[in-house]
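A.B. asks: Pasting in a structure now, in structure tokens, and then I'll have a few things to ask.
The values are calculated or read from the model by the stated rules, or taken from the named source; none is laboratory data. Source: prediction; values computed, not measured. Glycine also receives a Cβ, built like all others from the backbone with ideal geometry; neighbour counts cover every protein chain displayed.
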Amino acid sequence: MAGMSTYSVRTYGDPVLKQVARDVDQIDGALARLVDDMVDTMYAAVGAGLAAPQVGVQKRLFVYDVGEGPEVMINPAIVETAGEWYHEEGCLSIPDLRLGIVRPMEVHIRGYDLDGGEVSIEADEFLGRVFQHEVDHLDGVLMVERLEDDMRKQALRVLRDRALGFDTTALESTLVSASSSDEREI
Ligand SMILES: [Zn+2]
């Protein structure tokens, strides 16, 4: 059994998180190794999803586990969405900040697995949320950018103040509804 190998998770302010990742053009042993290491990294960080740019790799793939074992999605595309859902999200790249964000409730995503087989999944609730959040990472979009203007300004202020070492507890409480979620970061 190969030893566990993890990456450090890139965090807010790292330019790699703002870049658009490139399509995977070859599914080979090196990619399988990357996926293994991303899964290890996701578990080490106690996350439920992790996109390649979050570990500094500019490739369009992400791993996830919402309680049914690790899965990978290569070159994913969300081909259809429906509904609307306000839900709190946490991002491994923006640690300890939950944001209430409105996104579609249901998504239909297509991509490829490590064998090159086509994958097509319709998901809602948390899994649907994970898919949208991770595809955003591949496009260089962080969850903060999915907030309405006023809330985005608040969230950016929290991140700025944190970087300066200020206590942001009061400000943070304005960013989520009263009901707190214990879902893992993605
Ligand atoms: Zn994230």
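A.B. asks: Which count do you get for residues in the stretch 133-186 that are surrounded by fewer than 12 Cβ atoms within 10 Å (Cβ to Cβ), without any contact (Cβ under 8 Å) to a residue 12 or more places away in the chain and within 30 Å of residue 73 (Cα to Cα)?
C.D. replies: 2
A.B. asks: Might you let me know whether the stretch 25-33 holds any residue that is within 16 Å of the ligand (Cβ to nearest atom), touching a residue at least 60 places away in the same chain (Cβ under 8 Å) and surrounded by fewer than 20 Cβ atoms within 10 Å (Cβ to Cβ)? Step through it out loud before you land on a result.
C.D. replies: Initially, the stretch 25-33 is screened for residues within 16 Å of the ligand (Cβ to nearest atom), giving none.
The answer is no; no qualifying residue exists.
A.B. asks: I would also like to ask the following. Quick one: how many residues across the stretch 75-114 are among the charged types (D, E, K, R), within 14 Å of the chain's Cα centre (by Cα) and part of a loop (DSSP other than H, G, I, E, B)?
C.D. replies: 0
A.B. asks: Further question on the same structure: Here are some residues: 102, 119, 141, 135. Which one is in contact with a strand residue (DSSP E or B) (Cβ under 9 Å, 6 or more places away or on another chain), within 16 Å of the ligand (Cβ to nearest atom) and not hydroxyl-bearing (Ser, Thr, Tyr)?
C.D. replies: After applying the criteria, what remains is 135.
A.B. asks: Here is a list of conditions, (1) touching a residue at least 40 places away in the same chain (Cβ under 8 Å); (2) assigned to a loop (DSSP other than H, G, I, E, B); (3) surrounded by fewer than 18 Cβ atoms within 10 Å (Cβ to Cβ); (4) more than 16 Å from the ligand (Cβ to nearest atom), and residue 20 meets all of them except one; can you say which number that is?
C.D. replies: Failing condition for residue 20: (4).
A.B. asks: Report yes if some residue within the stretch 46-53 is farther than 17 Å from residue 132 by Cα and either modelled with pLDDT of 95 or more or among the hydrophobic types (A, V, I, L, M, F, W, C) (or both); otherwise report no. Even if it seems obvious, please write down each step before you answer.
C.D. replies: If we filter the stretch 46-53 for residues that are farther than 17 Å from residue 132 by Cα, which is where we start, we get 46.
Pick out the ones that are also either modelled with pLDDT of 95 or more or among the hydrophobic types (A, V, I, L, M, F, W, C) (or both) and you get 46.
Yes, the conditions are met somewhere in the stretch 46-53.
A.B. asks: Could you give me the residue pairs with C-beta distances under 7 Å whose first residue belongs to the stretch 59-74 and is hydroxyl-bearing (Ser, Thr, Tyr), whose second residue is modelled with pLDDT of 95 or more wherever it lies, and which are 6+ apart or on separate chains?
C.D. replies: Within 7 Å, the pairs are 64/48; 64/49; 64/71; 64/130; 64/134.
A.B. asks: State yes or no: is residue 6 part of a loop (DSSP other than H, G, I, E, B), of a type in the set (Ser, Thr, Tyr) and within 12 Å of the ligand (Cβ to nearest atom)? Give the steps one after another, and end with the answer.
C.D. replies: Numbers: part of a loop (DSSP other than H, G, I, E, B): yes; of a type in the set (Ser, Thr, Tyr): yes; within 12 Å of the ligand (Cβ to nearest atom): no.
In short, no.
A.B. asks: Could I ask something else about it? For residues in the stretch 60-71 being assigned to a strand (DSSP E or B) and within 16 Å of the ligand (Cβ to nearest atom), which is nearest to residue 126 (Cα to Cα)? Full working, then the answer.
C.D. replies: Quick first cut of the stretch 60-71, residues assigned to a strand (DSSP E or B) only: 61-64, 71.
Next, only the ones that are within 16 Å of the ligand (Cβ to nearest atom) stay: 61-64.
Details: 61: 19, 62: 16, 63: 15, 64: 11 Å.
Going through the qualifying residues, I end up with 64.
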